[in-house]
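No value in this document is a laboratory result; all are computed from the given coordinates. If you're wondering where the values come from, they're calculated on a predicted model, not measured in any experiment. Counting neighbours? That spans all protein chains shown, and the Cβs are built from the backbone with ideal geometry, glycine included.
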Amino acid sequence: MDWGKVRFFLGEVFANFARNKGMQLTAIATVAVTIVMLGSFLYARETLGKLSAGLLSRIEISVFLSDRLGDREARALVQKIAADPRVAGLTYVPKSEGLRALRERLKGQIDTSLLTTNPLPNAVHVRVKNPDEVHAVARTIEKISGVATVEYAQDAVTKVLRLTDTVAKIGLAMILVLVLATAVIISNTIRLTVFARRREIAIMQLVGATNGYIRGPFLAEGLVAGAAGAILALAILAIARAELLPKMIATLSFIPFEIARVDESHLILELLAAGAAVGFVGAWFSVSRHLRT
Amino acid sequence: MSLVYPNGVRALDGVTLEIEKGSFVFLIGSSGMGKSSLLRLLYREKVPTQGEVYVDGTRVDAMRRSKVPYLRRNVGVVFQDYKLLANKTVWENVAFALQVTGARTHDVMRQVPRCLDLVGLAHKSRMFPSELSGGEQQRCAIARALVNNPKILLCDEPTGNLDPSTTSEIMELLLRINLKGTTIVVATHNQAVVDRMRRRVVRLENGRIVSDEERGYYFLGLGQSSVLSG
């Protein structure tokens, strides 16, 4: 390792930063705002996704069997449903057990001894592995002969799926515009540095520095500005999460947040990478434009 | 070769010139006659609109853009306005030229003192350009041009801003560099310099070569008479 070269490179990067501090701070703040937006969006999207997946996985398909089926035929049918690879698990509730459960539930409210016959059908409660497949699985079961009716929270399923999808699309479009704007601002900041150092660049070109070498310190500058903005944003996000999340959980107590844990270390890395990438790309644009002319 | 600038100015018009390795050549002519343009073709700041340029056996005008830096390491350039970096010391200015080519620190530490010694600035290596006289600044610029060990040194009005005695010091320095084997091309309109040195003189007028003499004088008449008397 040639430490003299490393020191020279870092000196050049530092000189870039020293040239226009005000603009650098603006760039860093802009990156921070964008990353905060991006971070909140990703966090919300992941929470919502996990939440809907959690809710959907709790949705059961209730299958009611025809009364013409005897107990053995009913059990064979249950086997058939269980053999479907999309099915996670099921419970078979024979009509006798169903009646017992009903009696238990209505105890003391209605005199159930009046029920001399059992009006309940044999029932199967099916849980599906992938919540997206609830509808399809229900359709398949419906076609099995011996199945009287199939019920599930169809509206809830489709609505939740559609909501997550729409939120993701709108959010993504907004973030895209923001990221673009940030890249432009970084690119302008670097352009000011490039302009401030145009004499140095001219001399570098004169004495035979390759374009790659000239670019180096500017790209590093963009990278550092982007990463610094991202770190600032992460700090803001961490504070917001610590302050807001417990309140939200308390207010929206009907939502089972415990099933929506977000993988945060992953998110942090993604945001850092996004900030650095925006800075790098912005720098690349402005330096390359200068070197080409 | 010819060079026409985008604004229609015909800077060079059918110029053919060959400069031998290790020689010392003056390009003379009034301002705007094409001296600087000719030099610019040699370090590929400009590409001729017509014709070919060869430097050290390599065709320069058709060179790929990515190869230009390697040409520049073989061609040192010195300007009238020195083009030093004001926020760097003498040492740093010279080292900069080496560092930006990705040279190893070991080589920087060896080459920079050697060049500063050669131009006689070793004792002022920690000073900034603003603390130096014009002659010293030009020495610094020459050291920077030489630090990559170029085969050719191009000087565009190197003494344009200097007084006569400093001018002759700089010319002596260039002569010494030439004796070490570096080819030197000096564009100038300084009559005294040209007349004293008695080297090859190429005269440009309106983008054309109007005379080319070994051991020439600044004014054509004098040169001819010397040939006659010699």
0 to 90° range, to nearest 10: angle between helix B:164-179 axis and chain B longest Cα axis: 90
- request: Calculate for chain A the 222 nm mean residue ellipticity that helices alone would give, adding -39,500 (n - 2.57) per DSSP H run of length 4 or more and normalising by residue count, nearest 500 deg cm²/dmol.
  value: -25500 deg cm²/dmol
- request: Using θ = phi - 60° and the Karplus relation 6.51 cos²θ - 1.76 cosθ + 1.60, list the HN-Hα couplings for the stretch A:226-243 in order, rounded to whole Hz, with x at every Gly or Pro.
  value: x, 5, 4, x, 5, 5, 4, 4, 5, 4, 4, 4, 4, 5, 4, 5, 5, 7
- prompt: For the stretch B:28-69, what number results from the quotient of the Cα radius of gyration and 2.2 N^0.38 Å?
  reply: 1.23
- request: Add +1 for every Lys or Arg and -1 for every Asp or Glu among the other residues with Cβ under 13 Å from the Cβ of A:Ser187, and state the total.
  value: +1
message: Quick check: net charge around A:Val278, other residues with Cβ under 14 Å of its Cβ, Lys/Arg +1 and Asp/Glu -1?
response: -2
statement: The answer for the per residue Cα convex hull volume of the stretch A:132-224, in Å³, is 134
field: Normalised contact order of the stretch A:60-152, rounded percent, pairs of Cα under 8 Å and 6 or more residues apart
entry: 52
- request: Find the Rg to Rh ratio for the protein assembly as shown, where Rh is the Kirkwood radius over alpha-carbon pairs and Rg uses the same atoms.
  value: 1.34
query: Given chain B, what count of lysine pairs have C-alpha atoms under 23 Å apart, with each pair 8 or more places apart or on different chains?
result: 16
field: Test item: B:66-78 mean partner chain Cβ contacts at 10 Å
entry: 3
task: With runs of 4+ DSSP H residues as the only contributors, calculate the mean residue ellipticity of chain B at 222 nm using -39,500 (n - 2.57) per run, divided by the residue total and rounded to the nearest 500.
output: -11000 deg cm²/dmol
- line: Distance in Å, no decimals, from the C-alpha centre of the stretch A:23-69 to the one of the stretch A:186-243 is 34
query: Once you wrap a convex hull around the alpha carbon atoms of chain B, what is its projected area averaged over all directions, in nm²?
result: 13.2
- prompt: Is there a simple number for the mean count of other chain Cβ atoms within 10 Å of the Cβ of residues in A:211-219, and what is it?
  reply: 2
task: Straight distance only, please: which lysines reach the Cα of A:Lys95 with their own Cα at less than 28 Å, same-chain residues fewer than 8 apart left out?
output: A:Lys80, A:Lys107, A:Lys129, A:Lys143
- prompt: How far apart, in nm, are the 7 Å Cα→Cβ label points at B:Lys180 and B:Leu85?
  reply: 2.3
query: For A:Glu151, what is the net charge nearby, where nearby means another residue's Cβ is under 11 Å from its Cβ and Lys, Arg count +1, Asp, Glu -1?
result: -2
- line: Per-residue average of other protein chain Cβ atoms inside 10 Å, peptide B:97-110 -> 5
field: Neighbour-count ranking [beta-carbon atoms within 10 angstrom, fewest first] of A:Lys247, B:Lys88
entry: A:Lys247, B:Lys88
field: the stretch A:1-102 - Kirkwood radius from inverse mean 1/r over Cα pairs (Å)
entry: 20.8
message: If you average 1/r across every pair of different Cα atoms in chain A and take the reciprocal, what Kirkwood value do you get, in Å?
response: 24.3
- request: Averaging over all projection directions, find the projected area of the Cα convex hull of the stretch B:109-206 and quote it in nm² with one decimal place.
  value: 7.0
query: Percentage of Cα-Cα pair distances in the stretch A:159-293 greater than 22 Å, rounded to whole percent?
result: 55
- prompt: So if we plug the beta-carbon distance of A:Ala242 and A:Glu151 into 1/(1 + (r/R0)^6) with R0 = 41 Å, what FRET efficiency do we get, rounded to 0.05?
  reply: 0.45
query: If you wrap a convex hull around the Cα atoms of the stretch A:60-152, how much volume per residue is inside, in Å³?
result: 96
Cβ-placed point charges (K, R +1; D, E -1), dipole of the stretch A:60-152 about Cα centre in debye, nearest 20: 160
Cα centroid separation - the stretch B:1-71 against the stretch B:165-223, whole Å: 18
